[in-house]
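K.L.:
Provided herewith is a single structure, encoded as structure tokens, for subsequent inquiry.
The values are calculated or read from the model by the stated rules, or taken from the named source; none is laboratory data. Just so it is clear, the structure is predicted and the values come from calculations on it, not from any experiment. Don't worry about glycine lacking a Cβ; one is built from the backbone with ideal geometry, like all the others, and counts go over all protein chains shown. To get the accessible areas, we keep the full protein, side chains included, count just its heavy atoms, and leave off ligands, DNA and RNA. Shrake-Rupley method; radii C 1.70, N 1.55, O 1.52, S 1.80 Å.
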Amino acid sequence: MVNVGIIGLGKMGKLHFQNCRHVDNIKISAVADASGENLSWAKKRGVDNCYPDYLDLINKSDVDAVIIALPHNLHVQSSIAALEAGIHVFLEKPLAVNLEEGKRIIDVVKKTGQLFMVGCNCRFIDSVATVKKLFDDGILGDIEIANFDNIGNGPFSPFLEPTPIPDWYFDADKVGGGALLDLGYHMMDLYLWFFQDMNLEFACLSNRYNLPYEDSAVLIVKSPHTKTKGIINLGWFSRTLFPKFDFRVILHGTVDFASTDAYTPNVYWNALSEGTQNIFRRLIHKKIKPLSYTYYYHSYYKELEHFFDCIAASQKPIISPEQSYRTLELIQEAYTKYPRCEYNT
Amino acid sequence: MKKRKRRYWGTILTETNRAVVSIQKCENNDVKSAVFHAIKGSGFKIGTNIHTVAIKLNLCYYWDSSTGETTDKRVVSAVIDYIREYGDPGIKIKLVEADATSMKTRYSFKILGYDGFARGKNVELFNLSDDEFQTFTIEAKGKKIPIPIPLTMLHSDLIVNIPKLKVPRRVPLTCAMKNLFGAIQNPIKAKYHPYLHEVIANINGIMKPDLVIVDGLVALGKHPYKMNVIIAGTNSLSVDWVAAKIVGCRNPRKIGYIKLAEEKGFGDTDVKIVGEDIDRLTSIFPSINISWFNLKWKLQLKGIKFYTRITGDIIPPVLGDL
């Protein structure tokens with residue numbers, strides 16, 4: 001049994017908390033959050049060790065692994081503290097807000113030998129896995145052009161009822177970046193997964209809203225290995241509402257093409273089908289597939305399951321610390337070489 | 001703050017004692033001209049003794065005007081120009097909005113570019129939630145509800161209301177009267193939702209804008225739609241009466257707060273429309289059946305809640321705490 005601590009009980013922390021309760025052979029034994037309200041939320045769900053300071057969780061509780069879902073600027077100190085205490089770390093993306101902090105984390109990972117994985121759930125979306133398999137099997141031929149789109153609303157809540165945005169999201173130093181760091185991290189990670197590496201050819205970062213960071217970005221990249229040209233479109237400007245999701249990977253190959261859209265089921269049909277299957281699973285006392293009825297959110301469960309499977313089997317996770325660092329390196333290159341256009345009223 | 005002397009409140013009536021609401025089409029993106037014509041059509045005239053003006057915007061969360069949710073800055077700009085052109089050039093103008101349950105005005109001013117806009121137009125941005133207030137008690141559903149009204153909305157020499165033309169989820173119309181709900185000083189407006197119609201109707205008897213300019217450049221119904229119209233009037237109820245008809249409500253009295261406001265005599269519903277043909281606008285507005293929409297959502301959410309209870313599955317964070 002792996003004892004797990006969750007550091008940060010914001011939107012993502014709570015999602016990981018709920019998913020952890022469905023992962024086999026793990027137990028949430030401690031949580032840490034600065035908000036008393038969030039700690040009571042966890043207490044109500046059976047966690048006794050609740051700490052307002054995450055250092056207390058790391059030093060006082062007996063956890064084997066932590067899930068860190070803190071504001072981006074706290075990733076470096078919390079990850080290093082946990083790793084140095086001999087705790088495996090699952091870190092909500094991004095790795096860090098800058099390269100220097102990212103390097104510090106990676107150095108400590110190498111030094112301590114603890115398992116470390118940055119959460120990139122897009123790799124675990126079924127339609128992405130299907131397209132990846134078509135690509136790996138050579139069914140599409142060589143890929144000349146690839147499109148990666150991820151347009152959402154970032155901190156602007158897509159909830160049914162608008163919810164307040166945490167203040168730290170308006171502080172550029174704490175967030176570290178905008179759509180590029182947030183959604184770009186996912187899409188660049190996917191590109192690296194598909195094509196091993198990439199060079200940044202061009203980037204255009206701009207603002208529709210007057211934010212201290214970019215809310216849209218278009219990147220043109222090229223893989224030095226496969227010579228594939230890629231266009232990565234990112235945005236925080238859309239108020240598209242759940243269950244719609246403006247996300248796709250399109251590969252244009254010398255033999256055929258494939259798009260994740262073609263392998264994404266109708267959301268309502270999927271909810272009905274997966275929901276019914278989960279009801280039957282429950283009736284016959286089998287394990288349910290958490291959040292499979294939402295399609296995309298199931299990937300968050302799968303990434304956690306993968307991380308804890310790796311701990312149990314002493315294997316390396318699919319997302320290596322080096323790949324995570326490379327993703328951050330490319331993002332920082334875009335920020336340095338192509339400063340965003342200033343917002344114009 | 002000096003108590004406001006009411007000079008311009010009240011509906012401008014025609015010779016036949018009918019309220020006037022002016023609808024002006026915005027052609028070739030000439031918003032300024034459309035706003036000026038609409039104001040002139042409404043019969044509104046700015047007096048010479050106006051020194052302070054409060055312009056109530058409609059900022060909804062952090063969405064920009066292309067979504068149909070928030071006031072277009074071009075309309076605000078034109079209204080400021082009108083006031084400066086026809087009033088005393090030294091008039092102090094404040095653009096006002098109050099915090100809401102999920103929106104902090106200081107952030108929405110910044111994110112939507114109003115801070116730079118205000119500097120350019122030499123006007124002040126003001127958060128009504130930071131204002132001093134006077135508490136009025138209204139009766140709704142047998143309860144006494146205290147409502148804090150910001151003094152700026154009571155004592156400014158001229159109050160201009162710039163709502164959007166939209167149909168949100170809670171009420172069949174958001175326009176002039178509902179926009180003043182957003183001016184209540186208390187940010188936690190959700191506490192008034194059980195008495196929404198009573199609160200909206202009553203606060204319109206307390207805060208009485210002299211001029212209402214409806215931003216119908218992008219209207220919001222089932223989806224946003226470029227209606228390209230500006231509606232102007234001097235009484236909120238009269239303007240809402242017309243707006244309700246545009247969004248497809250044949251009998252505006254079916255909207256709770258309009259019925260209550262009419263009963264309380266807060267304005268006229270015998271309206272003379274000047275300008276655009278209202279039937280044409282009704283035919284192009286992307287109407288939405290709000291009852292069906294809400295029922296569909298409720299059923300889906302109840303279904304998810306029931307499903308998660310029996311299976312132990314998770315509710316995604318996007319749906320909050322159901």
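K.L.:
Just one of B:LYS121, B:LYS104 is open to solvent by 40 Å² or more (accessible area, probe 1.4 Å), under 26 Å from A:PRO166 (Cβ atoms) and within 14 Å of another protein chain (Cβ to nearest Cβ); which is it?
P.N.:
B:LYS104
K.L.:
Within segment B:77-93, is there a residue that is within 14 Å of another protein chain (Cβ to nearest Cβ), open to solvent by 10 Å² or more (accessible area, probe 1.4 Å), in contact with a Phe, Trp or Tyr (Cβ under 6 Å, 6 or more places away or on another chain) and not in a loop (DSSP other than H, G, I, E, B)?
P.N.:
no
This table checks each residue for (1) open to solvent by 20 Å² or more (accessible area, probe 1.4 Å); (2) within 30 Å of A:ASP136 (Cβ to Cβ); (3) not small (Gly, Ala, Ser).
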position: A:PHE202; (1), (2), (3): yes, yes, yes
position: A:TYR213; (1), (2), (3): no, no, yes
position: A:SER216; (1), (2), (3): yes, no, no
position: A:THR240; (1), (2), (3): yes, no, yes
position: A:PHE257; (1), (2), (3): yes, yes, yes
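K.L.:
Given the condition more than 14 Å from chain B (Cβ to nearest Cβ) and free of Cβ contacts under 8 Å to residues at least 12 places away in the same chain, answer yes or no: does some residue in segment A:7-16 qualify?
P.N.:
Within segment A:7-16 (the criterion being more than 14 Å from chain B (Cβ to nearest Cβ) and free of Cβ contacts under 8 Å to residues at least 12 places away in the same chain), the answer is no, since none of the residues qualifies.
K.L.:
Does any residue of segment A:51-63 turn out to be free of Cβ contacts under 8 Å to residues at least 24 places away in the same chain and assigned to a helix (DSSP H, G or I)?
P.N.:
Yes, there is a match, as at least one residue in segment A:51-63 is free of Cβ contacts under 8 Å to residues at least 24 places away in the same chain and assigned to a helix (DSSP H, G or I).
K.L.:
Which ones in segment B:23-48 are part of a strand (DSSP E or B), open to solvent by 30 Å² or more (accessible area, probe 1.4 Å) and not basic (Lys, Arg)?
P.N.:
Within segment B:23-48, just B:GLN24 meets the criteria.
K.L.:
Also, I was wondering about something else. Residues that are part of a helix (DSSP H, G or I) and farther than 29 Å from A:VAL97 by Cβ: does segment A:310-329 have at least one?
P.N.:
The answer is yes; a qualifying residue exists.
K.L.:
If I filter segment A:17-27 down to residues being at the interface with another protein chain (Cβ under 9 Å from one of its Cβ atoms) and over 18 Å from the mean Cα position of the chain (by Cα), which single residue comes out as farthest from A:LEU55 (Cα to Cα)?
P.N.:
My answer is A:HIS22.
K.L.:
Tell me, yes or no, whether segment B:250-263 has at least one residue that is under 25 Å from B:ILE159 (Cα atoms), among the hydroxyl-bearing types (Ser, Thr, Tyr) and touching a Phe, Trp or Tyr at 6+ places or on another chain (Cβ under 6 Å).
P.N.:
No.
K.L.:
Oh, and also: Look through segment A:304-345, keep the residues that are within 24 Å of B:PRO317 (Cβ to Cβ) and within 14 Å of chain B (Cβ to nearest Cβ), and return whichever of them is most open to solvent (accessible area, probe 1.4 Å).
P.N.:
By that ranking, first place goes to A:GLU305.
K.L.:
Take segment B:57-66 and flag every residue that is more than 8 Å from chain A (Cβ to nearest Cβ) and assigned to a loop (DSSP other than H, G, I, E, B).
P.N.:
Residues satisfying the conditions are B:LEU57, B:ASN58, B:LEU59, B:CYS60.
K.L.:
Report, by residue number, each residue of segment A:20-29 that is more than 20 Å from A:HIS75 (Cβ to Cβ) and surrounded by 19 or more Cβ atoms within 10 Å (Cβ to Cβ).
P.N.:
A:VAL23, A:ILE26, A:ILE28, A:SER29
K.L.:
Follow-up. So B:GLU69 passes all but one of these: (1) within 19 Å of B:LYS164 (Cα to Cα); (2) open to solvent by 20 Å² or more (accessible area, probe 1.4 Å); (3) more than 14 Å from chain A (Cβ to nearest Cβ); (4) outside any helix (DSSP H, G or I). Which condition number does it fail?
P.N.:
Result: B:GLU69 fails condition (3) only.
K.L.:
Let me ask something else about it. So how many residues does segment B:163-195 have that are β-branched (Val, Ile, Thr) and buried (at least 22 other Cβ atoms within 10 Å of the Cβ)?
P.N.:
The number of residues fulfilling the criteria is 3.
K.L.:
In addition: Picking from A:VAL63, A:VAL76, which residue would you name as being in contact with a Lys or Arg (Cβ under 8 Å, 6 or more places away or on another chain) and surrounded by 15 or more Cβ atoms within 10 Å (Cβ to Cβ)?
P.N.:
A:VAL76 is the lone residue from the list that is in contact with a Lys or Arg (Cβ under 8 Å, 6 or more places away or on another chain) and surrounded by 15 or more Cβ atoms within 10 Å (Cβ to Cβ).
K.L.:
Right, another one. If you go through segment A:200-257 one residue at a time, how many are within 14 Å of another protein chain (Cβ to nearest Cβ) and assigned to a loop (DSSP other than H, G, I, E, B)?
P.N.:
The qualifying residues number 19.
K.L.:
Step by step: first the residues of segment A:272-303, then only those that are under 19 Å from A:VAL128 (Cα atoms) and either away from every other protein chain (no Cβ under 12 Å) or in a loop (DSSP other than H, G, I, E, B) (or both), then the one that is most open to solvent (accessible area, probe 1.4 Å). Which residue is that?
P.N.:
Top of the filtered list is A:LYS289.
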